[in-house]
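A.B. asks: Below is the structure I would like to discuss, written out as C-alpha cells.
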Amino acid sequence: MPIPTGSPAPAAAARSLDGSPRDLASLWRRGPALLFFFKCDCPTSPLGARVLPRFAALPGLAVAAVCQDGEEETRAFAEAYAWRGAVEVLIDPEPWPASDAFGVLASPTWFLLGPGGRVEAVAEGWSRAGADALAARAAALAGAAPVAVVQPGDGGPAFRPG
C-alpha cells in the first residue's frame, strides 16, 4: 500500500540516467514535486507518461519519473514521450528501494509532495479526471495557474487500473 496522504515522504534515493545517485528529497526541498513511479512494459504507464510534460509546465513544480527498469529501456521510454528537459528521469534499480520506501505496488503510482515532503496526494493507475485534479492540486501548491494536463482528443480510456 502506498504511503498515505499527510505522511512525510520517506528518505529514498534513485539514480540518474548517467548513473549518479539522486536523493529524492532534493526534489521537494525547493518546492512541490510530482513523482511518477512506472515500468516501461506496463500497459497503463504510457497513459500517464504522455501528460507528464504538461505537469512540468507548472512553474515551481519539480516533475520526476522513477522507473523500475534498466537504463536502456528507460531512456527509450523517456524519448518516446518527449520528456527531455521537462521531466527528470530516474532509475530505481532492483530490488527497488525507492519504490519500496514509498510503498509502490502498482504501475504507475503518482505522489504529489508539498514543499518539505508532505504527501499531498497519491494516485494509482490512470484516470483522466484524476490527472486533471492532481494538476489543479499541484498548481495550488506551486502558487501557479492550473493547467489542463488532459487535452481534448488525447484519446485513451477514462480510467485504467495500474
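A.B. asks: Applying the selection to region 81-94, what residues are over 11 Å from Leu17 (Cβ atoms) and touching a residue at least 24 places away in the same chain (Cβ under 8 Å)?
C.D. replies: Tyr81, Ala82, Ala86, Val87, Asp92, Pro93, Glu94, listed by residue number.
A.B. asks: Among the residues of region 50-63, which ones are over 19 Å from Ala140 (Cβ atoms) and touching a residue at least 40 places away in the same chain (Cβ under 8 Å)?
C.D. replies: Selection gives Arg50 alone.
A.B. asks: Going through region 1-35 one residue at a time, which ones are within 21 Å of Arg128 (Cα to Cα) and touching a Leu at 6+ places or on another chain (Cβ under 6 Å)?
C.D. replies: Ala33, Leu34
A quick yes/no check of all residues on (1) at pLDDT 95 or above; (2) within 17 Å of Leu35 (Cβ to Cβ):
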site	(1), (2)
Ser99	yes, yes
Ala106	yes, yes
Trp110	yes, yes
Gly116	no, yes
Ala135	yes, yes
Ala140	yes, no
Gln151	no, no
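A.B. asks: Go through the residues of region 115-132 one by one and say whether even a single one is touching a Gly at 6+ places or on another chain (Cβ under 7 Å), small (Gly, Ala, Ser) and assigned to a loop (DSSP other than H, G, I, E, B).
C.D. replies: yes
A.B. asks: Which numbered condition trips up Glu71, out of (1) of a type outside the set (A, V, I, L, M, F, W, C); (2) in contact with a Leu (Cβ under 7 Å, 6 or more places away or on another chain); (3) buried (at least 22 other Cβ atoms within 10 Å of the Cβ)?
C.D. replies: (3)
A.B. asks: Just name the residue that is surrounded by the most Cβ atoms within 10 Å (Cβ to Cβ) out of those in region 77-97 that are among the acidic types (Asp, Glu) and more than 14 Å from Lys39 (Cβ to Cβ).
C.D. replies: If we filter region 77-97 for residues that are among the acidic types (Asp, Glu), which is where we start, we get 79, 88, 92, 94.
Next, from what is left, pick out any that are more than 14 Å from Lys39 (Cβ to Cβ): 79, 88.
Values: Glu79: 11, Glu88: 20.
Among those residues, the one meeting the criterion is Glu88.
A.B. asks: So, one more: How many of the residues in region 51-82 are assigned to a helix (DSSP H, G or I) and among the small types (Gly, Ala, Ser)?
C.D. replies: Adding up the residues that qualify gives 3.
The values are calculated or read from the model by the stated rules, or taken from the named source; none is laboratory data. Computed from a prediction, not measured in an experiment: that's the story for all the values here. Because the Cβ atoms are built from the backbone with ideal geometry, glycine has one as well, and the counts that use them run over all protein chains shown.
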